[in-house]
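These notes are about the structure you will find just below.
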Amino acid sequence: MSAPAAYDDLRNRLADICDLGGIGQLLFWDQQTKMPVAGANSRAEQTGTLSKLSHQLFVSDEIGGLLDELRGYEESLPEESDEASLIRVARHDWNKARQVPPELTAEMRRSSSLALRAWAEARPKSDYQALKPHLEQNLALRRRYVECFEPADEPYDILLDDYERGMKTAEVRAVFERLKEGLIELLHAVEPADTSPLERVFPQEGQERIAMHVLDRFGFDPAAWRIDPTAHPFMSSPGHKDIRLTTHYNESGLHSLFATMHEFGHGIYEYGIDAGLARTPLGTGASMGLHESQSRMWENLVGRSRPFWSRFYPELRQTFPGMLDDVDEEAFFRAVNAVKPSLIRVDADEVTYSLHIILRFELEQELLAGTLSLDELPEAWNARMKEYIGIDVPNDADGVLQDMHWASGHLGYFPTYALGNVISVQIWNAALEAIPEIPQQVGEGEFAPLREWLTENLYRHGRKFTPVEMLDRITGGPIDPEPYLAYLRDKHLAAATA
């Protein structure tokens, strides 16, 4: 077989596998938004079967043979070409997936699906004991997964690599130690702000209208996007130009607006990936850390900025007539950016948010190593919440049960949220250097220049480059927590003394 013919064969096989992955995302989206509760067991079997078939197809000898056959062809191509990138990334993924039995992949997916349903029932009841057997199963399966690979510097490296390719636990720990030091210091230095403007009842219908108005300005394409309510907001993209946002509405506050902007950041990343990378392993974000950098950028650097609220606060008032007449723009801006320790991660302010993540990162390592048992987990969670954030946890629903990630088996995922915070400011600074007018444009409700710059420099490349390479291309250096800490100090200490 000639090199181009072998490449076409490889790409066609990978397209089939990517289609199965898209179907898996569609099943997950349906489970979280539309599926009847009683369908959980059937959905668990379906996702398990689908993941096993997909895994078997991918780790086949035929794909391995094509990858070997294409080595010479790959070397003849420019390193940054789509073709060379596809072969390079597929080979990396194949070598890693080859070490995991398809039956284990299916078992992990099946266990995750059942645990998610158990979590949805356990959290409202604050019933940790009901979920614990599922967490035990997930943890046991993740340990079996780690054992499939050659020993790493730390076992957690293998889980982290699934979401942040090439990053080591020690690197994350170093970033997080600096973050923890700087954030706790800042938390103690910032004066409390009045959050009462956000502690009012905002009818859901109005929340939906203002969120859609903001999304339309951001770049929401109704032909390619949709948004639905769910218990825990997420974004899913089952295929090219199929972007599914979800949010959670609670009339006590405006949390849904910020959750919606957050998920838009994920969605616009997937939406901006070059069409030529669709149905290939390159057709998604470079890493979850980079993905989270975009959700946090659109939620915080844009959505909590002074120019943003100068533009949208009058429209928010119009959306909820009479409700905010006693609150001027400055008071509302301060409320939106108030530093106020809270129980729930997704509602956390910018200063304390990463402390929520560092807590989870530490607990995950201890669970994996067996130095912390699942029986001890709630108490350890509560103790660290008190130590890092300074608040007592009244119940497990607002504590260890608040996230669905451990039920879904995603150990190693949580660190990417705080890494995304750090990276968001590094990329934002690069964007400002290229387009200094961005704050003024945001104040005018014009987001196309920022969106197009991000598409050109980040989104369109998909997974062509490793996370380290991608960040270096945009910012000229590695991950660095100092710009993020400087951004927070400038914003929050200035606000405290203004």
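Given Gln402, Gln441, which one is touching a helix residue (DSSP H, G or I) at 6+ places or on another chain (Cβ under 7 Å), polar (S, T, N, Q) and outside any helix (DSSP H, G or I)?
Gln402
Give the residue that is surrounded by the fewest Cβ atoms within 10 Å (Cβ to Cβ), with candidates limited to residues of region 199-223 that are of a type in the set (A, V, I, L, M, F, W, C) and assigned to a loop (DSSP other than H, G, I, E, B).
Ala223
The set of residues from region 478-498 being closer than 20 Å to Ala286 by Cα and either among the acidic types (Asp, Glu) or touching a residue at least 12 places away in the same chain (Cβ under 8 Å) (or both) comprises Ile479, Asp480, Pro481. In the condition set (1) in contact with a Phe, Trp or Tyr (Cβ under 6 Å, 6 or more places away or on another chain); (2) outside any loop (DSSP other than H, G, I, E, B); (3) surrounded by 18 or more Cβ atoms within 10 Å (Cβ to Cβ), Leu257 is compliant with all but (1).
Conditions (1) buried (at least 16 other Cβ atoms within 10 Å of the Cβ); (2) under 19 Å from the mean Cα position of the chain (by Cα); (3) assigned by TED's automatic domain parsing to the domain that holds Trp298; (4) not β-branched (Val, Ile, Thr), marked per residue:
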site: Ala448; (1), (2), (3), (4): no, no, yes, yes
site: Glu456; (1), (2), (3), (4): no, no, yes, yes
site: Tyr459; (1), (2), (3), (4): yes, yes, yes, yes
site: Pro467; (1), (2), (3), (4): yes, yes, yes, yes
site: Gly476; (1), (2), (3), (4): no, no, yes, yes
site: Pro481; (1), (2), (3), (4): yes, yes, yes, yes
site: Leu485; (1), (2), (3), (4): yes, no, yes, yes
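Reported count of residues in region 363-394, each being acidic (Asp, Glu), surrounded by fewer than 18 Cβ atoms within 10 Å (Cβ to Cβ) and either assigned by TED's automatic domain parsing to the domain that holds Lys132 or within 25 Å of the chain's Cα centre (by Cα) (or both), is 1.
When you look at Leu419, is it in a helix (DSSP H, G or I), in contact with a Lys or Arg (Cβ under 9 Å, 6 or more places away or on another chain) and modelled with pLDDT of 95 or more, yes or no?
Criteria not met by Leu419.
When region 38-84 is filtered for residues that are of a type in the set (D, E, K, R) and in contact (Cβ under 8 Å) with a residue 60 or more places away in the chain, the ones remaining, listed by number, are Arg43, Glu45, Glu69, Glu80, Asp82, Glu83.
Elements of the type helices (runs of 4 or more DSSP H) sitting completely within region 80-163 and holding at least 2 residues that are more than 26 Å from Ile63 (Cα to Cα), of a type in the set (Val, Ile, Thr) and in contact with a Gly (Cβ under 9 Å, 6 or more places away or on another chain): there are none. Being farther than 22 Å from Gly182 by Cβ and in contact with a helix residue (DSSP H, G or I) (Cβ under 9 Å, 6 or more places away or on another chain) holds for only one residue in Ala335, Ala348, and it is Ala335.
Quick one: count up the residues across region 329-352 that are part of a helix (DSSP H, G or I), more than 19 Å from Leu401 (Cβ to Cβ) and touching a residue at least 24 places away in the same chain (Cβ under 8 Å). Working first, answer last.
In the first step, residues of region 329-352 are kept if they are part of a helix (DSSP H, G or I); the result is 329-336, 345-347, 350-352.
When the remaining residues are screened for being more than 19 Å from Leu401 (Cβ to Cβ), the result is 329-336, 350-352.
With touching a residue at least 24 places away in the same chain (Cβ under 8 Å) added as a condition, the list becomes 331-336, 350-352.
Of the residues in region 329-352, 9 are part of a helix (DSSP H, G or I), more than 19 Å from Leu401 (Cβ to Cβ) and touching a residue at least 24 places away in the same chain (Cβ under 8 Å).
The values are calculated or read from the model by the stated rules, or taken from the named source; none is laboratory data. Since we're looking at a predicted model, the values are computed, not measured. FYI the Cβ positions are ideal-geometry reconstructions off the backbone, even for glycines, and counts take in every protein chain you see.
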